[in-house]
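Heads up, the thing below is written out as structure tokens.
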Amino acid sequence: MIRFILLQNRQGKTRLAKYYVPLEDSEKHKVEYEVHRLVVNRDPKFTNFVEFRTHKVIYRRYAGLFFALCVDITDNELAYLECIHLFVEILDHFFSNVCELDLVFNFHKINYFITSPSKGIHRPHIGSDDSPHMRTLACVYLILDEFILAGELQETSKRAIIERMGELEKLE
């Protein structure tokens, strides 16, 4: 089971965090700090798996972003490395070579999913007056929710996920 997913930059700023287990805010900040400290200073020659408390962190670096998953100690590391890669491929499909700036500033592509109150997706609800950053994050969370459910990998087909995102856009 996936405990949490973190996207962090090299400086340790968390760009996306999704928790599948309940944690207090103070514990979340502590976890984010510890995970960043574990992965950012790790030699690239080492494996992308590292023990973390009673679980393990599986991570991958793409450009300036670290994609990290905390999973149960008995879970398959290679399957989750592929899960990270799938997530990045889907983000690349919608953001064209996704990078940290896309997650922060790239809001014009979000209109593919979330446009105005009269058209688009309302899960989670994003009004037209919300910031571009919030709109982009909503898109990223929607993509994540399409293939991970309650901490378990549900869909592994890139094509199926992209088609489903297109269907969501057509709902209204």
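If you go through segment 1-46 and keep only what is without any contact (Cβ under 8 Å) to a residue 24 or more places away in the chain and polar (S, T, N, Q), you end up with 11, 14, 26, 41. Within segment 160-170, restricting attention to residues that are surrounded by fewer than 15 Cβ atoms within 10 Å (Cβ to Cβ) and of a type outside the set (A, V, I, L, M, F, W, C), the residue that is farthest from residue 72 (Cα to Cα) is 170. Applying the condition of being within 19 Å of the chain's Cα centre (by Cα) and under 12 Å from residue 10 (Cα atoms) to segment 39-56 and asking which residue is surrounded by the most Cβ atoms within 10 Å (Cβ to Cβ) yields 39. Checking segment 112-135 against the condition returns no match, with no residue being modelled with pLDDT of 50 or more, of a type in the set (Asp, Glu) and either crowded, with 18+ Cβ neighbours inside 10 Å or out of contact with any helix residue (DSSP H, G or I) (no Cβ under 8 Å at 6 or more places or on another chain) (or both).
Within segment 139-159, how many residues are part of a helix (DSSP H, G or I) and surrounded by 12 or more Cβ atoms within 10 Å (Cβ to Cβ)? The qualifying residues number 10. Could you tell me whether residue 70 is in contact with a strand residue (DSSP E or B) (Cβ under 6 Å, 6 or more places away or on another chain), in a strand (DSSP E or B) and surrounded by 19 or more Cβ atoms within 10 Å (Cβ to Cβ)? The answer is yes for residue 70.
Counting the residues of segment 29-57 that are in a loop (DSSP other than H, G, I, E, B) and either at pLDDT 95 or above or hydroxyl-bearing (Ser, Thr, Tyr) (or both) gives 2.
Given the criteria within 30 Å of residue 162 (Cα to Cα), among the basic types (Lys, Arg), buried (at least 16 other Cβ atoms within 10 Å of the Cβ) and in contact (Cβ under 8 Å) with a residue 12 or more places away in the chain, does residue 60 qualify? So residue 60 passes the test.
Condition (residue is under 17 Å from the mean Cα position of the chain (by Cα) and part of a helix (DSSP H, G or I)) applied to segment 16-28: is it met by at least one residue?
yes
The values are calculated or read from the model by the stated rules, or taken from the named source; none is laboratory data. A quick note: this is a predicted structure, and the numbers were derived from the prediction, not measured. We place every Cβ from the backbone using ideal geometry, glycine too, and count neighbours over all the protein chains shown.
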